[in-house]
Amino acid sequence: MNNSINRLQQFRTDTHHLLRFAKDATFDLIDAVLTTRTAYSLAEFSLSPLFRRKWSSVYEVLQDVRPHRQNLMKRYLEEIEINDELYVTVAIDHTANPRKDSPTLKDRGYHHSPDGFQKVTEGHNYSTIAWIPEEQGSWALPLRHERITSFETPISKASWQLKQVAKSLKQPILALLDSEYGNASWVNQIVDIQADCLIRIRSNCCLYGVPEKYRGRGRPRKHGDKFKLNDRSTWWEATETIEVNDAKLGLLKIRRWSQLHFRNSSFVPMTLILVERLETQKKGSFKKPLWLVFIGQQILPLEKLWKKYLRRFAVDHWYRFIKQRLHWTLPALSTPHQSERWSDLMPLMTWQLWLARDLVQEHHLPWQKPQKSLSPGRVAQSMLELLIEMGTPALSPKPRGKSTGWETGKKRNKRIRYPVVKKRKSTDKKEKKKQT
């Protein structure tokens, strides 16, 4: 127990220094967010007994703090527990921070929104790469959580994040990604990154096999026979076929095909995996066939490899957690820089909850059942007593007197209104030739 407390205290002390400016007020804000279940505005966090400053300091924190993201990521990596697993499993995804009623916020764009009836929302988009520490449960520990600017795409940002993690982590990495990353663009951008990938692909994709041996005339072929996922007549015999009896999904048939590739990334071979349920009447997480591609040197048996993909959904649980419990989408901040600094605090708070999961005494509401292994929400619900017992690395506030306020006669200018950025798809080469 003492070692766990010392580990958490050391983590808080180290990350306190990495915030650089306004670090004392920032840590007061972090402790207030962790112990506040319901809030309706950013200023309400100043009402927490753990926030020892005036309400205006809440806004000054996000104006002045400068978290060192690279060093914070390296500090997070130090907490990764290396066990008998062959891989360090990470999940990559992106989500929107809606800001529909903020015309003065710069660099807003149109992004997919799973909430409500509208499929598209206006706001900022954030990409996350998170360590998945357990084989089951809802814990996902983000290593980087950064805004995707209008000059970037989710794929380019995710590949850059994976590259930064792979540079600092010497263990083999297995990255789990959804179907949005299952294309040649992602494959081409991760060629030089030392990490394996397990990606879901759409059921209407078309892959290609190994071309025939060069016959000495004309240009050598890049592609072999077509493998259309939605056309069984194009399938050839699988390299490996097994049947697995899963406790939740029932009897599964898993097939593997080797040496396939996307049309625009013919130099990168992939392994195609098909997971089908043979007992459709049994309840489970998916009813349709699951198509996966694996890029890398397969060091896990097939019956374990496909199941790794199911841990990707932990990052979706984390998105829901920071939006509902850590109040990520609550503040209506005025600049993209303030939004990014507020977003940098989300991984920092999540890692503190992870390190405190065995230290807190669970406090559950009367209508909640006790849990043996605490979820992030249950740990946050029980953090108050632990934070009071441990104390904080932040110094006590020093009164600075009253502000002079707005100068008399100084003109107030209206804030600039920015249009929403619309990204256009690049036209194909064939379409460009038709236009010319």
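Data for the structure
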{"item": "Segment 1-24 residues that are assigned to a loop (DSSP other than H, G, I, E, B), paired with ones that are open to solvent by less than 30 Å² (accessible area, probe 1.4 Å) and at pLDDT 90 or above (beta carbon under 7 Å, 6 or more apart)", "result": "Leu19/Thr26; Leu19/Val65; Leu19/Pro67; Phe21/Val65; Ala22/Val61; Ala22/Val65"}
{"item": "Some residue of segment 120-127 being of a type in the set (Phe, Trp, Tyr) and within 13 Å of the chain's Cα centre (by Cα)", "result": "yes"}
{"item": "Selection from segment 416-436 of residues that are surrounded by 10 or more Cβ atoms within 10 Å (Cβ to Cβ) and either touching a strand residue (DSSP E or B) at 6+ places or on another chain (Cβ under 7 Å) or at pLDDT 70 or above (or both)", "result": "Arg417, Tyr418, Val420, Val421, Lys423"}
{"item": "Top-ranked residue in segment 161-184 [being closer than 21 Å to Ile273 by Cβ and of a type in the set (S, T, N, Q); ranked as least open to solvent (accessible area, probe 1.4 Å)]", "result": "Ser179"}
{"item": "Close pairs (8 angstrom Cβ cut-off, 6 or more residues apart or separate chains): outside any loop (DSSP other than H, G, I, E, B) in segment 152-172, surrounded by 15 or more Cβ atoms within 10 Å (Cβ to Cβ) and aromatic (Phe, Trp, Tyr) anywhere", "result": "Pro154/Tyr181; Ile155/Tyr181; Ile155/Trp186; Ala158/Tyr181; Ala158/Trp186; Ser159/Trp186"}
{"item": "Qualifying positions in segment 373-392 - polar (S, T, N, Q), open to solvent by 20 Å² or more (accessible area, probe 1.4 Å) and either touching a His at 6+ places or on another chain (Cβ under 8 Å) or under 19 Å from Leu141 (Cβ atoms) (or both)", "result": "Ser373, Ser375, Gln381"}
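For (1) part of a loop (DSSP other than H, G, I, E, B); (2) open to solvent by less than 70 Å² (accessible area, probe 1.4 Å); (3) in contact (Cβ under 8 Å) with a residue 24 or more places away in the chain; (4) closer than 16 Å to Leu169 by Cα, each residue gets a yes or a no:
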position: Tyr59; (1), (2), (3), (4): no, no, no, no
position: Gln63; (1), (2), (3), (4): no, no, yes, no
position: Met73; (1), (2), (3), (4): no, yes, yes, yes
position: Tyr76; (1), (2), (3), (4): no, yes, yes, yes
position: Asn83; (1), (2), (3), (4): yes, no, no, yes
position: His94; (1), (2), (3), (4): no, yes, yes, no
position: Tyr126; (1), (2), (3), (4): no, yes, yes, no
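Listed here are the residues, each with its yes/no results for (1) in contact (Cβ under 8 Å) with a residue 40 or more places away in the chain; (2) open to solvent by 20 Å² or more (accessible area, probe 1.4 Å); (3) on the phi > 0 side of the Ramachandran plot.
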{"site": "Leu198", "(1), (2), (3)": "yes, no, no"}
{"site": "Arg219", "(1), (2), (3)": "no, yes, no"}
{"site": "Thr234", "(1), (2), (3)": "no, yes, no"}
{"site": "Thr241", "(1), (2), (3)": "no, yes, no"}
{"site": "Arg256", "(1), (2), (3)": "yes, yes, no"}
{"site": "Ser265", "(1), (2), (3)": "yes, no, no"}
{"site": "Glu279", "(1), (2), (3)": "no, yes, no"}
{"site": "Pro289", "(1), (2), (3)": "yes, yes, no"}
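The values are calculated or read from the model by the stated rules, or taken from the named source; none is laboratory data. No experiment lies behind these values; they were computed from the predicted model shown. Positions of Cβ are generated from backbone atoms using ideal geometry, with glycine treated the same way; all protein chains shown enter the neighbour counts. With ligands, DNA and RNA removed, areas are computed over all heavy atoms of the protein, side chains included. Shrake-Rupley method; radii C 1.70, N 1.55, O 1.52, S 1.80 Å.
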